[in-house]
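Have a look at the structure below before the remarks.
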Amino acid sequence: MKQQLVKGVAWLSAAKLIVNGLSTVSTLILARYLTPDDFGLVAFATTMLMVISSVTELSLASALIHHRNPSDVHYNTAWTLNFLRSLTVGGLFCLAATWVSDLHGDPRLQQVMMILGASLALNGFTNPKMVVLAKNLVFWQEFVRNVAERLVGVTVGIVIAVVYQSYWALIASTVASQLVSILVSYLVYPYRPKVSFKHAKELWSFSIWLTLGQIVNTLNWKFDHLLVGFLLGNKSLGYYTVGDNLSTKPTREMIAPLETTLFPGFSRIGDDKQRLKNAYRKAQTLVALIALPVGVGIALVSSSIILLFLGEKWEPVILVMQIMAGSVAIQTLSSAVQPLALSQGQTKLLFKRDLISFSIRVPLIVFGLWYAGLLGVLIGRAVSTLISVHMNMTIVKMIIGTSIRSQWWANIRSLAGLVSMIIVVIFAQYVLGVGQGIVEMTTHLVIFIVLGVIAYGLTILALWMAYGKPEGPEGELINGVQSVFFKLKLRFK
């Protein structure tokens, strides 16, 4: 199973690397041709759609993965339920477009919402049998689908932005990606779904708590976007959305492949608590080792990134990136709790966690907005993230018995490396500054990144050797690199 997980992570990591690179390039290019108001308008519509879509999400894919031996009838039932749900929700979203645009005071919102509602309705055609690949830890098809949909979406968006300089570039990119995703899902795994309701109750019995949790979790993480859009306007939401995309996507997309493979992987060893405990520790420390420097690194060089690639009109995004990137980095210290809990069927426990998190996060954000505007929203979000990490670690303790102190201590080398990186990069920025002109700014940005990577890597390596080279992600990464070099050496002999 370990080899399957490694291959799965490799395929998904490659996909996420390409997809994230394309998304980042797309955001930077589109921000050059579009305005913060354009981004805010589309972000407001897509956030509403995401909230409504997630609130009605049936979580049937997780139910199929958890099922020991699903038949074609199970997949047909899942497809039927998803199709009806997408058609209904998409239609209602279109019908509400006029009312919402009047309420928001922006007539452009009506057409945007109608197009996005139609795209949600089409999403119900997605191939349900793609779940089989994840269940069997086979992910190359997912690589093909993810890369294809993102490549087409980015291409369409950039072309329209360059030619028309209109917010419709963002809409066209989203719709094009969705259509390609549906088409490719049937090309990589041919299947002809049929209408069936036979196992609806069985699938729903597992997914109901996931659905309820998804409702709360989506409101929890998207409530701030709606609040900023309604009370601070499209421009502020544009800053907030672009900052969110640039600061959190690289970290989340980097760890997403591992999290995707962990659920089926944990499910296979779920009956052996000691193996599950060891597997969780290895997975979580590996996630932190990789994700912590990425998130905090983005926060450290955010000024250089924005001023170099987007220009002074996007300068307010710097503060957004600094706080958000740091927050999402810390959150990775407990990011593997979701697949762990799912592997044990603890969906009700996840729902309780999401409900508690919602009851804490929303008041913090509302108070922050009332007291300090956009800055207050960011601070409220950061504080709620720290609380969320503690709750997730508590859940891990409940499921596999690993204490909260042990979970923090398992990541001590990564945290020490992080402190070293922060000190070195801040000192370099103090000495050099951001720079003037494209060449100097680019040179300084590269220097900051290189110094940060060296400081982080050397600190971790020194501590790992000082502790006697204990079992952990450092050894796994070194063995992996050595294995790759060995294979390349044999191939080119």
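In the range 362-373, of all residues being surrounded by 16 or more Cβ atoms within 10 Å (Cβ to Cβ), out of contact with any Asp or Glu (no Cβ under 6 Å at 6 or more places or on another chain) and modelled with pLDDT of 90 or more, the one that is farthest from Val228 (Cα to Cα) corresponds to Leu364. Taking residues in the range 101-118 that are open to solvent by less than 60 Å² (accessible area, probe 1.4 Å), and partners anywhere that are part of a loop (DSSP other than H, G, I, E, B), the pairs with Cβ atoms closer than 6 Å and at least 6 places apart or on different chains are Ser101/Pro107. When you look at Ile306, is it within 23 Å of Asn220 (Cβ to Cβ), of a type in the set (Val, Ile, Thr) and open to solvent by less than 10 Å² (accessible area, probe 1.4 Å), yes or no? The answer is no for Ile306.
Tell me which residues, restricted to the range 80-100, are of a type in the set (Val, Ile, Thr), open to solvent by less than 40 Å² (accessible area, probe 1.4 Å) and closer than 27 Å to Asn234 by Cβ. Show your work before the answer.
Of the residues in the range 80-100, the ones of a type in the set (Val, Ile, Thr) are 80, 88-89, 98, 100.
Filter once more, keeping what is open to solvent by less than 40 Å² (accessible area, probe 1.4 Å): 80, 89, 100.
Selection gives Val89, Val100.
All told, Leu237 meets the bar of being at pLDDT 75 or above, in a helix (DSSP H, G or I) and open to solvent by less than 10 Å² (accessible area, probe 1.4 Å).
Answer with yes or no whether Gly311 is farther than 19 Å from Ile400 by Cα and either touching a Gly at 6+ places or on another chain (Cβ under 7 Å) or not acidic (Asp, Glu) (or both).
Numbers: farther than 19 Å from Ile400 by Cα: yes; either touching a Gly at 6+ places or on another chain (Cβ under 7 Å) or not acidic (Asp, Glu) (or both): yes.
In short, yes.
Conditions tested, residue by residue: (1) within 21 Å of Gln331 (Cα to Cα); (2) crowded, with 19+ Cβ neighbours inside 10 Å; (3) in contact (Cβ under 8 Å) with a residue 24 or more places away in the chain; (4) aromatic (Phe, Trp, Tyr).
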residue: Gly401; (1), (2), (3), (4): yes, no, yes, no
residue: Arg405; (1), (2), (3), (4): yes, no, no, no
residue: Ala416; (1), (2), (3), (4): yes, no, yes, no
residue: Met421; (1), (2), (3), (4): yes, yes, yes, no
residue: Ala428; (1), (2), (3), (4): no, no, no, no
residue: Gly435; (1), (2), (3), (4): no, no, yes, no
residue: Val439; (1), (2), (3), (4): no, no, no, no
residue: Ile447; (1), (2), (3), (4): no, no, no, no
residue: Gly452; (1), (2), (3), (4): yes, yes, yes, no
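All conditions but one from (1) open to solvent by 20 Å² or more (accessible area, probe 1.4 Å); (2) at pLDDT below 85 apply to Leu262; the one that does not is (1).
Filtering the range 439-493 to residues that are of a type in the set (Phe, Trp, Tyr) and either at pLDDT 70 or above or part of a loop (DSSP other than H, G, I, E, B) (or both) leaves Phe448, Tyr456, Trp464, Tyr467, Phe492. Which one of the conditions (1) under 27 Å from the mean Cα position of the chain (by Cα); (2) surrounded by fewer than 18 Cβ atoms within 10 Å (Cβ to Cβ) does Met465 fail to meet, given that it meets all the rest? Going through the list (1) under 27 Å from the mean Cα position of the chain (by Cα); (2) surrounded by fewer than 18 Cβ atoms within 10 Å (Cβ to Cβ), Met465 breaks only (1).
The values are calculated or read from the model by the stated rules, or taken from the named source; none is laboratory data. Everything numeric in this text was worked out from a predicted model, so none of it was measured. All Cβ positions, even for glycine, are placed from backbone atoms using ideal geometry, and neighbour counts span all protein chains on display. Only protein heavy atoms, including side chains, enter the accessible area calculation; ligands, DNA and RNA are left aside. Shrake-Rupley method; radii C 1.70, N 1.55, O 1.52, S 1.80 Å.
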